[in-house]
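Working notes, beginning with the structure itself.
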2 protein chains.
Amino acid sequence: MRIALCGGTGDLGRGIALRLIRDTDHEVVVGSRDPEKAREHATQYEDELGSHDVEGDINGFDNAMAADRADVVVLCVPAYHLSDTIDAIGGSLDDTVLVSPAVGMRREEGTMNYNPPSAGSVTALAAAAAPDGTPVVGAFHNLAAGRLADLDASLDWDVLVVGDDADAKTTVERLADGIDGIRALDAGPLAAASEVESLTPLLINVAANNDALADLGVSFN
Amino acid sequence: MRIALCGGTGDLGRGIALRLIRDTDHEVVVGSRDPEKAREHATQYEDELGSHDVEGDINGFDNAMAADRADVVVLCVPAYHLSDTIDAIGGSLDDTVLVSPAVGMRREEGTMNYNPPSAGSVTALAAAAAPDGTPVVGAFHNLAAGRLADLDASLDWDVLVVGDDADAKTTVERLADGIDGIRALDAGPLAAASEVESLTPLLINVAANNDALADLGVSFN
């Protein structure tokens, strides 16, 4: 498949790009509002893969061109850029699955709390902003991006997948399962997204309060 | 320590009672609004332990008497009984740590959602209902009670502990750590309780949507 990482120049995009190229046969393209920045990061990711003896060919484009002909678009942008990004790529979507990994959080007195938009979850916000007929799947909300982007770090994490389109969910579950050390789990419909997103501030709070733990994920057992 | 399980005749109370007796040296007493019911369940728990070659002495009382002289009281009651139960035992609390494991949830079209009270979390509700000076710690929110109560089942679960009183949290963390297969983690102050409670509907949704999984807990890694 062709996987476009829109806003893919941050840690989450970097981590997904590196691991998809290393662990799967998917084509990966990096998108950014600034195509030059996308190209620079694509080259950086190739270099990083090369330093791990992995040959990878990654292109960088503006977000709309990155999304063009993509089977899956991962919206690696903060929640407040989500609607703008979907608007920018809307004309490029054709049988494309949109993946929303963003979470709304706010920090107060050192504690991170879930801060959902009025739509109930950021994933639901993405679904509301998506063009008619474009399925939105929530996934990759709970990945510690720094560890994900460190190819020397091993993972033992579950990725929770939510959505209302069964085929689109299956596509995303298979994509996530392709990454070494990640198991995709079906966490239910879009209406269950807020509980998945709430796990992200919990992971941050647990890492902040336990000396031996950092860059956490979870596994269900 | 003396551990009182108020409302301890349900699955959660049963599981905590059986495992504390089997795995630790704590004294365990079962409380119920109906002292006769508490005594019956205490005897059942002793019999269950006996069938696993564990000798245990468990007494049953009404909730107030169970809480009397307890070091830790675990409020094993549904969220809507929490305030009543705290009112009933309030006169018995003296240097006692109150533990709140209850979660507010509602099910809609087969999906479980977190449904917090206006206090922000059920744990915060318990803290508001507790007598002045009685510390409230949130813990044991995310335990699948059926598996917990099955002494033949092994666990590999983290218990998340929240609260504003450091000493009380340490007491509860040590209590939880004493159970085989459970690791206590500090998830922050009371203000972080809603994210911990939200994990419970998530666990239920994941178990409901993945055939191979049931009676789930999580581990952070």
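The values are calculated or read from the model by the stated rules, or taken from the named source; none is laboratory data. Here the structure is a predicted model, which means the values were calculated and not measured. Cβ coordinates were reconstructed from backbone atoms using ideal geometry, including for glycine residues, and neighbour counts include every protein chain displayed. For accessibility, only protein heavy atoms count, side chains too; no ligands or nucleic acids. Shrake-Rupley method; radii C 1.70, N 1.55, O 1.52, S 1.80 Å.
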Starting at 0 and stepping by 10 Å, how many percent of the alpha carbon pairs of the range B:87-217 end up in each bin?
13, 40, 34, 12, 1
Percent accessible area from carbon and sulfur atoms, the protein assembly as shown, protein chains only, probe 1.4 Å
42 percent
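Please report the buried accessible area for the interface of A with B, total over both chains, probe 1.4 Å, in Å² to the nearest 100. Could you put the intermediate results ahead of the total?
Working: alone 10080 and 10110 Å², together 17600 Å².
Approximately 2600 Å² gets buried when A meets B.
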Copy-to-copy spacing for A:PRO117, label 7 Å out on the Cα-to-C-beta vector, in nm, shortest first?
3.2
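Rounded, prolate or oblate: which one fits the range B:1-121, using the alpha carbon gyration tensor with axes a ≥ b ≥ c (rounded when a/c is under 1.5, else prolate when a/b beats b/c, else oblate)? Before the final figure, lay out each step's value.
Working: a/c = 2.05, a/b = 1.39, b/c = 1.48.
It comes out oblate by the Cα gyration axes.
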Between B:TYR80 and B:ALA214, what is 0.36 nm times their sequence separation minus the Cα-Cα distance? Round to one decimal in nm.
45.6 nm
Residue among B:ASN205, B:ASN59, B:ASN115 with the largest mean-square fluctuation in a Gaussian network model of chain B, springs linking Cα atoms under 10 Å
B:ASN205
Put a label point 7 Å from Cα along the Cβ direction on A:ASP95, then list its distances to the equivalent points in the other copies in nm, shortest first.
7.3
Of the DSSP H helices in chain B, the ones reaching 24 Å or more along their long axis in Cα terms and averaging at least 0.0 in Kyte-Doolittle hydropathy are B:193-209
Please report, in whole Å, how far the alpha carbons of the range B:2-209 spread along each principal axis, starting with the longest.
42, 40, 30
Kindly tabulate the residues in the range B:87-120 with an accessible-area decrease of at least 20 Å² between the chain alone and the assembly of all protein chains, using a probe of 1.4 Å.
B:THR111, B:ASN113
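Tell me the per residue accessible area of the protein assembly as shown using a 1.4 Å probe; a whole number in Å² is fine. Let's see the in-between values first.
Working: 17600 Å² over 442 residues.
It amounts to 40 Å² per residue over the protein assembly as shown.
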Determine the principal axes of the Cα atoms in the protein assembly as shown, then give the extent along each, sorted from largest to smallest and rounded to whole angstroms.
72, 41, 37
Between copies, how close do the B:THR43 label points come, placed 7 Å along Cα→Cβ, listed in nm from shortest?
8.1
Within the set A:GLU109, A:GLU48, A:GLU27, GNM on chain A using Cα springs under 10 Å gives the largest fluctuation to A:GLU109
